[in-house]
Amino acid sequence: MLTDASTLAAMRQHHLFGRLPDAAFQEVCSLAIVRRLDSAACLFHQGDKAERFYLLLQGQIKLMRLLPEGQEKLVEVISAGQSFAEALLFSGIDKYPVTAVALRDSQLISIDGAHYRQLLEEQPKICLDLLAAFSIRLHQRLNEIDTLTLANASRRVARYLCQQQAECHGPIQLNVPKRLIASQLGIQPETFSRILHRLIDKGLIAMERRNIQVLDGASLATYCD
């Protein structure tokens, strides 16, 4: 059972728990577990039975999917304050479609999925908030699919940078290793680095360590090389 005040406050700030009545929230907390993962530790594997979903309090979690060809594809990097695996509550899928691994030392809350879904059935108004959140996630996934359909690697990188700038409303911080971003874009790490240097040479971006500033957004949006 969760009793730490800061942990409870973090949960209440999240859309999955913010509007739950006090009694329902206490029920969720009574079945929730705090998990701690060392860097590179696995939380669950693709194909494991999906009985719980998670709220990340500290650290980073990468979600990877093993493709039929044997390659691993980065699906998403989860940052502190984000939840993951909750969509499975409504999909009818009983196994995790991805593997979750800690990118750095992490702390998260593990929530009983079946119990939470039962609570939602008793609180239908909350479902509207969840639908809005899922719609945002779906829009993000569609943007990523659009990016991956671009045959030209340079266009993929340029589109990725434009999307990141729109989300950050300013300089872009690469909070995950470049090899993971390259995996997400379906290109090799050396190709990703080479394209970044090409964009720097053309004056479209400036880069200092892991910070990228877009200097010419209009040209970057149409860049193809």
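Okay, residues lined up against (1) free of Cβ contacts under 8 Å to residues at least 40 places away in the same chain; (2) surrounded by 14 or more Cβ atoms within 10 Å (Cβ to Cβ):
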{"site": "ALA158", "(1), (2)": "no, yes"}
{"site": "GLN165", "(1), (2)": "no, yes"}
{"site": "CYS168", "(1), (2)": "yes, no"}
{"site": "ILE172", "(1), (2)": "no, yes"}
{"site": "LEU180", "(1), (2)": "no, yes"}
{"site": "ILE187", "(1), (2)": "yes, yes"}
{"site": "GLY203", "(1), (2)": "yes, no"}
{"site": "ASN211", "(1), (2)": "no, no"}
{"site": "CYS224", "(1), (2)": "no, no"}
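For the subset of region 12-31 comprising residues that are outside any loop (DSSP other than H, G, I, E, B) and charged (D, E, K, R), which member is surrounded by the most Cβ atoms within 10 Å (Cβ to Cβ)? Break it down stepwise before answering.
Step one: of region 12-31, the residues outside any loop (DSSP other than H, G, I, E, B) are 12, 22-31.
Checking which are charged (D, E, K, R) leaves us with 12, 22, 27.
Values: ARG12: 12, ASP22: 7, GLU27: 17.
It comes out as GLU27.
Can you list the strands (runs of 3 or more DSSP E) lying wholly within region 39-117 that have 1 or more residues being acidic (Asp, Glu) and more than 25 Å from ILE136 (Cβ to Cβ)? Working first, answer last.
Details: elements: 42-44, 52-58, 60-66, 72-79, 99-102, 106-112.
Here the list reads 72-79.
Condition test on LEU37, is it without any contact (Cβ under 8 Å) to a residue 60 or more places away in the chain and not assigned by TED's automatic domain parsing to the domain that holds ILE181?
Working: without any contact (Cβ under 8 Å) to a residue 60 or more places away in the chain: no; not assigned by TED's automatic domain parsing to the domain that holds ILE181: yes.
No; evaluated as a whole, the condition is false for this residue.
The values are calculated or read from the model by the stated rules, or taken from the named source; none is laboratory data. Only a predicted model underlies this, so the values are computations on that prediction, with no experimental measurement involved. Glycine also receives a Cβ, built like all others from the backbone with ideal geometry; neighbour counts cover every protein chain displayed.
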